[in-house]
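The values are calculated or read from the model by the stated rules, or taken from the named source; none is laboratory data. Keep in mind it's a predicted model, so treat the numbers as computed, not measured. A quick note on method: Cβ atoms are made from the backbone with ideal geometry, for glycine too, and the neighbour counts reach across all protein chains shown.
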Amino acid sequence: MSLASSDDAHALDPLAGIDLDALIRGGARSKPDRLAMTDVGGESLDFARLDARADLMARRLAELGLAPGETLMIIGAARLSAFVGLLAGLRAGLDVALAPAHPAPTVLALFAARAGASAIATEAGAGCAMEDIFEVAARAPDVRFVCELGAGAADGVVALGAPPNEAPDRAEPFLAPTGRIATFAPGGGLVYHAQRTLALAALDLATRAPGGRSAPILSTLAPTSFAGLVAGPFLSLILGRPLHFHGPFEPEGFIGALEALAPAHLVAPGALAGPLAEGDMIRADVLASLMLLDRTTEARGALAPLGAAADVPVIDLHAFGEQALIAEARGPDKRPLPPARAPHMIRHGDTSILAVRRRDGTGPLAFEGEAVSAG
């Protein structure tokens, strides 16, 4: 049996070789001045600066002595710095373990220990106090460095970021074997994700977000979870639309950002739907679509009917632990539909690539397919 050539593999599989590094470097070559991502902290990067910022941070990680195969743990909110840290860690050949900022230090320390993290990075003001990060590091036996993803740093903290107005580094691209992405499932277990899996889930979501393809994306989800990565950076890069992070959540700033970007694709927890409806914000002049996250192990009641939102497409994002994100577009009555009631298929010409399929049987819901990560 002969193996297909690389060119043949790409022809048969349109997602072969699709990863964050390729998408960002491709954007830096083809549209360097186009806005890529912003956040509530005022950071705004076009593709050239995003690419250069990630390269600069990757070099700094290598200069610390972190070797390919070691683990960088990033603790972050919905901020651009968390994504730059992820991209830089991968470019430095590190495994990157992503954790949200809200758990207690003892829980984060357990995560760091299970990941075997050699370094922990976060950004001041992104939802986790630096003294808590020091406690996490003290409790995790393998941690050698505490890092600040921004440009400033306290005593004992390594600054990885660059000043906001620093010119892009035009040196040769930093190249190392690409590391792996891991997130923490409920209970603290590590789940490693193939970037192809994340890209497939984002492509599946893109097919269920009707209209408004030219609108920007506003995400309140941190890129430190399966859902936050898929419905944030991956969706943004696949659709070619700017991504605006908003985190930690702050009501006045959120309303201001939403009004400034309107109409925008909003990605938010399902619990935010009620306040948006009460504030008369679920309107076509404000929202190109509303994507509501339902973490199925936490808040099944969050996804309520939204009869008043008849003119705004509503997509439910059913997150199953850290293994899958199933997007289901609501019908005209705006009532939630069961996830994966029918198989989700990505089609390329006459070829179908399975995105997700519900597994037959009784008991807890389980899913299988190419948009589901192995535990």
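Of all residues in the stretch 101-123, which are among the β-branched types (Val, Ile, Thr) and either farther than 18 Å from Ala58 by Cβ or more than 19 Å from the chain's Cα centre (by Cα) (or both)? Once the filter is applied, which keeps residues that are among the β-branched types (Val, Ile, Thr) and either farther than 18 Å from Ala58 by Cβ or more than 19 Å from the chain's Cα centre (by Cα) (or both), the stretch 101-123 yields Thr106, Val107.
Ala271 meets each of the listed conditions (1) at positive phi; (2) at pLDDT below 90 apart from (1).
Among the residues of the stretch 324-355, count how many are out of contact with any Pro (no Cβ under 7 Å at 6 or more places or on another chain), closer than 24 Å to Leu290 by Cβ and either free of Cβ contacts under 8 Å to residues at least 24 places away in the same chain or hydrophobic (A, V, I, L, M, F, W, C) (or both). Adding up the residues that qualify gives 12. Screening the stretch 75-117 for residues that are β-branched (Val, Ile, Thr) and either touching a Cys at 6+ places or on another chain (Cβ under 8 Å) or outside any strand (DSSP E or B) (or both) and picking the one that is surrounded by the fewest Cβ atoms within 10 Å (Cβ to Cβ) gives Thr106. Annotation: of all residues in the stretch 28-52 being assigned to a helix (DSSP H, G or I) and under 18 Å from the mean Cα position of the chain (by Cα), the one that is farthest from His193 (Cα to Cα) is Phe47.
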